[in-house]
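The values are calculated or read from the model by the stated rules, or taken from the named source; none is laboratory data. This is a predicted model, so every value here is computed, not measured. Cβ: placed from backbone, ideal geometry, glycine included. Neighbour counts: every protein chain shown. These area figures cover heavy atoms from the full protein model, side chains too; ligands, DNA and RNA do not enter into them. Shrake-Rupley method; radii C 1.70, N 1.55, O 1.52, S 1.80 Å.
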Amino acid sequence: MAPTVNQYSMQDPTKQYPGPEFPRQPQPAPGLAQDMKPKPDHGETSYQGLGRLKGRRALITGADSGIGRAVAIAFAREGADVALNYLPSEEKDAREVVKFVQEAGSKAVALPGDISDESFCRQLVQESVVQLGGLDILVNVAGKQTHVDQIADLTTEQFEATFRTNVFAMFWLCKAALPHLPPGATIINTTSIQSYQPSPGLLDYASTKAAITAFTHALAKQVIGQGVRVNAVAPGPIWTPLQPSGGQPQEKIEKFGAEAPMKRPGQPAELAPIYVLLASQESSFVTGEVYGVTGGNHLP
Ligand code: NAD
Ligand code: MG
């Protein structure tokens with residue numbers, strides 16, 4: 001049954017979702033959406049599909065929670081089968097996503113594992129291709145963000161782990177996926193407003209996001225000859241477990257989203273339609289592009 005309020009219902013966007021103050025809510029990384037207060041909206045009750053991705057086969061990383069979960073739900077309701085990657089510790093969130101995908105009538109393939117490992121990335125693509133019968137869409141959403149105030153306290157271990165998760169994994173997954181992608185296929189990366197307006201306490205994270213932006217521009221030019229488009233989405237502040245699980249200090253969680261002209265954080269559900277557009281043939285002349293979803297703090 002179609003939801004009565006969906007992503008097309010007209011309303012005041014500034015009042016559509018809650019704004020600060022929020023309660024402090026520390027969680028160990030990577031955190032669970034289930035334990036957030038208030039709970040994020042991933043479009044569970046609202047996203048209405050129109051068959052825009054009918055028959056497509058997609059691999060989505062970070063698909064258990066936040067933006068990746070909203071993308072998984074939307075893709076399934078648009079008619080795509082999806083392979084879902086996440087960390088094993090996130091199984092509780094992931095089970096809910098699998099259920100939503102199946103309820104949409106689509107195939108859900110759960111493939112937990114750590115993408116900071118190159119051989120796992122190759123296996124992840126291989127397993128997705130085998131279980132989905134091919135691959136048409138790669139969506140790189142998984143990311144690591146750990147706030148550290150001073151460069152003196154930023155360890156080599158963290159700097160490397162952030163780059164392996166955010167940049168190297170994207171490189172390994174794109175490289176493994178490209179030989180399987182037919183003309184018309186798409187890759188969507190997830191960068192950030194941090195790529196353009198970096199926060200002082202996110203030195204490593206912001207640097208990875210700038211790398212993702214440049215990688216997207218360059219890869220798009222490289223692979224368009226294969227008929228594959230590559231784009232990125234750059235979110236502003238979004239209400240997901242990434243933030244209270246170490247992405248921001250807890251005092252910033254209380255005010256999260258206050259600096260956006262909309263005076264609130266975005267919800268994962270508000271990102272999904274852009275990923276659907278970039279995945280579908282509707283955006284056929286769009287490649288090498290970065291779409292901001294920032295609540296008004298525009299790019300670059
Ligand atoms: P999220 O915590 O819900 O999603 C991040 C996911 O990354 C986790 O669910 C986890 O499954 C995955 N992940 C992390 N390390 C991994 C690893 N080693 N192996 C496999 N998976 C791993 O948070 P989110 O905010 O939805 O984040 C999704 C993307 O959006 C990230 O790339 C993030 O940088 C980006 N982003 C978020 C915001 C924001 O304000 N929330 C803003 C800009 C960009
Ligand atoms: Mg998660």
Neighbourhood charge, 11 Å Cβ-Cβ cut-off, centred on Leu124 and excluding it, Lys, Arg +1 and Asp, Glu -1 | -3
Separation between Cα centres of the stretch 67-94 and the stretch 16-56, rounded to whole Å | 12 Å
The value for the chain (convex hull of the alpha-carbon atoms, volume per residue, Å³) is 118 Å³
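Going by average Cβ density within 10 Å per residue, which order do the peptides 55-67, 107-119 take, highest to lowest?
Details: 55-67: 26.9, 107-119: 17.2.
So the order, starting with the most tightly packed, is 55-67, 107-119.
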Using a Förster distance of 45 Å, the FRET efficiency for Leu50-Arg24 (Cβ separation, nearest 0.05) | 0.65
Anything over 32 Å Cα to Cα? Flag those among Lys15/Lys221; Lys107/Lys263; Lys144/Lys175; Lys175/Lys263, in the order listed.
-> Lys15/Lys221; Lys107/Lys263; Lys175/Lys263
To the nearest Å², the heavy-atom accessible area per residue of the stretch 47-293 with 1.4 Å probe amounts to 38 Å²
Net charge of neighbours whose Cβ lies under 15 Å from the Cβ of Asp35, counting Lys and Arg as +1 and Asp and Glu as -1 | +1
Cβ-based net charge around Leu219, under 14 Å, with every Lys or Arg adding one and every Asp or Glu removing one | +2
Keeping the other protein chains in place, figure out the carbon and sulfur percent of the accessible area of the chain, with a 1.4 Å probe.
-> 56 percent
Potential lengthening between Glu118 and Lys175 on full extension [0.36 nm per residue; Cα-Cα distance subtracted] = 19.5 nm
